[in-house]
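Taken together, the values in this text are just the output of simple stated rules run on the coordinates, not laboratory data. This one's a predicted model, so the numbers in the text were calculated from it and none came from an experiment. Cβ: placed from backbone, ideal geometry, glycine included. Neighbour counts: every protein chain shown.
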Amino acid sequence: MGMLQDKDKETVRKIFQKELINPVKIVNFTQELECQYCKETRQLLEEIAELSDKVILESYNFAIDTQKAEEFKVEKIPCTIIMSEDKDYGIRFSGIPSGYEFTTIIEAINMVSKGDSGLKEKSKQKLKAVNKPLHIQVYITPTCPYCPRAAILSYQMAFESDYITADVIEAIEFPYLANKYNVYGVPKMVVNEGVQFEGALPEPAFIKEVLKALK
């Protein structure tokens, strides 16, 4: 039995036909043994990739393909990376992209394929000032309707700046991280360990909070 219903497949297929311009690569790190939702995540990504010939899926075994894991700096699985054929923008999803977060993956694919973050011009100009690494962690749950917006904003920022990486993390699947960063409500953002904030903030406010980590 597939992960996606036929009606969902048809909806995504139509979205891809309309939105996708350039090829997109999905890189999946998995490991069926001792990994919750690894198998389901891989199956979901396979079904997504089947909906367009512009979506390419590569899967690696985290325990065996250690060189690839180091290359992509993957430390937890299941991990999904959305990139172009030749550039890794630092867009990561840790956990299974189910529930509301399914749309996050679809939007990330569309964004990378179009080659445009979709951020406002004023936001793009602010991000040009970023001159040191910023790691945005966005803690979410699949039942949170406000989380996809925060997740996509972090991906848009990562797309715009080579200094920014965005790691969206399913809090329930990684409780040790949720406990470490005191995740009691979602979405919760952690930037470079020092800056933390919560809530589905509008674009200007979200970017302002993230850039506090530069100080």
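Put a dot 7 Å past each Cα toward the Cβ at ASP86 and GLU58; how far apart are the dots in nm?
Going from the GLU58 label point to the ASP86 one covers 1.4 nm.
To the nearest 20 debye, what charge dipole does segment 153-207 have about its Cα centre, counting +1 at the Cβ of each Lys and Arg and -1 at the Cβ of each Asp and Glu?
The calculation lands at about 200 debye.
Can you list, by residue number, the Cys in the chain that have no neighbouring cysteine C-beta under 4.7 Å?
When partners are defined as cysteine Cβ atoms under 4.7 Å apart, the chain leaves CYS79 without one.
What percentages, rounded to whole numbers, describe P(r) for segment 121-214 computed over all alpha carbon pairs with 10 Å bin width beginning at zero?
Binned Cα distances yield the sequence 17, 54, 25, 4.
Considering only DSSP states other than H, G, I, E and B, which trypsin sites (Lys or Arg not before Pro) in segment 61-158 qualify as loop sites with at most 16 other Cβ atoms within 10 Å?
Values: sites: LYS68, LYS73, LYS76, LYS87, ARG92, LYS114, LYS120, LYS122, LYS124, LYS126, LYS128, ARG149; in loops: LYS73, LYS76, LYS87, LYS120, LYS128.
Those that pass, being in a loop and sparsely packed, are LYS73, LYS87, LYS120, LYS128.
How many angstrom lie between the C-alpha centres of segment 1-29 and segment 106-161?
Result: 20 Å between the Cα centres.
Using a Förster radius of 22 Å, what is the FRET efficiency between TYR176 and LYS73 based on their Cβ-Cβ separation? Nearest 0.05, please.
Given R0 = 22 Å and the Cβ-Cβ separation, E is 0.75.
Taking Rh as the Kirkwood radius, which is the inverse of the mean 1/r over Cα pairs, what is the Rg/Rh value for the chain? Intermediate results must be reported in sequence, preceding the final value.
On the way: Rg = 16.3 Å, Rh = 17.4 Å.
Using Cα coordinates only, the ratio equals 0.94.
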